[in-house]
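Engineer: First the structure, which I've put down as structure tokens, then a few questions once you've had a look.
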Amino acid sequence: MAPQPVTGSSVALAIDLGGTQLRAALVDASGSILCKLSRPTLADAGPAKLVEQIAALAGAVIGESRSRPPRAAGISSPGPIDTIAGVALGIPTLRGFHDFPLRTALAEALALPVVLENDGIAAAIGEWRFGAGRGFADLVYVTVSTGIGGGVIAGNRVLRGRRGMAAHVGHMSFMAGGEHCFCGNRGCFEAYASGSAFAARAAREAAVHPSTRLGRGGAPVSAPEVFAAAAAGDDLAARLVAEEARLLGLGFASLLHLYDPQLIIVGGGLSQQFHVLEAGIAAAMRGAAMPAFRDTPVVKAALGVDSGLLGAAALAFGNY
Ligand SMILES: [Zn+2]
């Protein structure tokens, strides 16, 4: 069902379906969030229960808001989803989402026209329309969290590809025969530079560097702990942070060569430490990029955790 663009004083229902958090908001055409609610995602409950949860949260956010009811809904969902057909093809973080007709199920449950988007692309649209990418025609958005995802705007258009799954940048091959990736391949960019890979590398290194404060007491090492230890002068942690920046910069150099963007926008959990990583990312990216690409800036996402939610709103408004 193609949505009618909503305009003027209308509001859109935006849903960010994540593997751990489900968030719903009412958003106006300027990208202002009027009302927002979140719940832990019922990730193991199966598609029928999860669609019920989405509809209930949407009902709650509409009930709490004093604005007029939404006329369309935009949904950001983990991929891979065939957004042309509206079918979830097998979402690793949500049980039972194999060949599930997600768009139809949500349109029925919400009684609204629904636009469905892969989460990396939705977040790219959010930053493009309302955040750090506003006014740019060519950009690459990369989210660095548990995994690595992304979205590409090229020539003022969203790059979607054959089935709407373009820009799974975390799964570009980075190292022949390298680390295992959850996608089944070896050596993906995500398997080296994601927050999970960063924390796993820190744990491995801490085990053979007794002088570090990382991993003392046997607790698992998290990415925020590594940044904290580096800031406190821990040598190993500082080297790990520098290595993370270098790996991200090398991957970003490939994105420059592939898409020739005006800028790269970095979101996701690790972007909270962008100020620490920025110089190392830029140095590695410029070192690996061909000279003509080296002046491309890398910036932090402006919308924080709301990039995908606001991208979903833009989709509902037909603003993409
Ligand atoms: Zn992979």
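Engineer: Mind checking which residues of the stretch 161-182 are free of Cβ contacts under 8 Å to residues at least 24 places away in the same chain, near the ligand (Cβ under 10 Å from one of its atoms) and assigned to a loop (DSSP other than H, G, I, E, B)?
Structural biologist: The answer is 179, 181.
Engineer: Can you tell me which of 43, 105 is part of a loop (DSSP other than H, G, I, E, B) and either of a type in the set (Asp, Glu) or in contact with a helix residue (DSSP H, G or I) (Cβ under 9 Å, 6 or more places away or on another chain) (or both)?
Structural biologist: On the way: 105 fails: part of a loop (DSSP other than H, G, I, E, B).
Going through 43, 105 in turn, the sole match is 43.
Engineer: Sticking with this structure for a sec: Give me a count of the residues in the stretch 113-137 that are without any contact (Cβ under 8 Å) to a residue 60 or more places away in the chain and either touching a helix residue (DSSP H, G or I) at 6+ places or on another chain (Cβ under 7 Å) or surrounded by fewer than 24 Cβ atoms within 10 Å (Cβ to Cβ) (or both).
Structural biologist: The number of residues fulfilling the criteria is 3.
Engineer: Scanning for something among the hydroxyl-bearing types (Ser, Thr, Tyr), more than 16 Å from the ligand (Cβ to nearest atom) and under 27 Å from residue 274 (Cβ atoms), does the stretch 139-160 turn up at least one residue?
Structural biologist: Applying the first criterion (among the hydroxyl-bearing types (Ser, Thr, Tyr)) to the stretch 139-160 yields 141, 143, 145-146.
With the extra rule that they be more than 16 Å from the ligand (Cβ to nearest atom), the set shrinks to 141.
Going one step further and asking which of them are under 27 Å from residue 274 (Cβ atoms), we end up with 141.
Yes, because at least one residue in the stretch 139-160 is among the hydroxyl-bearing types (Ser, Thr, Tyr), more than 16 Å from the ligand (Cβ to nearest atom) and under 27 Å from residue 274 (Cβ atoms).
Engineer: Which residues, taken from the stretch 52-70, are over 13 Å from residue 24 (Cα atoms) and modelled with pLDDT of 95 or more? Show your work before the answer.
Structural biologist: At the first step, the residues of the stretch 52-70 found to be over 13 Å from residue 24 (Cα atoms) are 52, 66-69.
52 - this is the single residue of the stretch 52-70 that is over 13 Å from residue 24 (Cα atoms) and modelled with pLDDT of 95 or more.
Engineer: Could you tell me which residue of the stretch 183-216 is surrounded by the fewest Cβ atoms within 10 Å (Cβ to Cβ), considering only residues that are within 16 Å of the ligand (Cβ to nearest atom) and among the charged types (D, E, K, R)?
Structural biologist: Residue satisfying both the conditions and the ranking: 186.
Engineer: Out of 96, 31, 19, report the one residue that is part of a loop (DSSP other than H, G, I, E, B), under 22 Å from residue 167 (Cα atoms) and not charged (D, E, K, R).
Structural biologist: Values: 96 fails: under 22 Å from residue 167 (Cα atoms); 31 fails: under 22 Å from residue 167 (Cα atoms).
Every option except 19 fails the conditions.
Engineer: Touching a residue at least 40 places away in the same chain (Cβ under 8 Å) and in contact with a Pro (Cβ under 8 Å, 6 or more places away or on another chain): is that true of residue 318 in this structure? First the steps, then the outcome.
Structural biologist: Working: touching a residue at least 40 places away in the same chain (Cβ under 8 Å): yes; in contact with a Pro (Cβ under 8 Å, 6 or more places away or on another chain): yes.
For residue 318, the condition - touching a residue at least 40 places away in the same chain (Cβ under 8 Å) and in contact with a Pro (Cβ under 8 Å, 6 or more places away or on another chain) - is met.
The values are calculated or read from the model by the stated rules, or taken from the named source; none is laboratory data. Only a predicted model underlies this, so the values are computations on that prediction, with no experimental measurement involved. Positions of Cβ are backbone-derived with ideal geometry, glycine not excepted, and every protein chain shown enters the neighbour counts.
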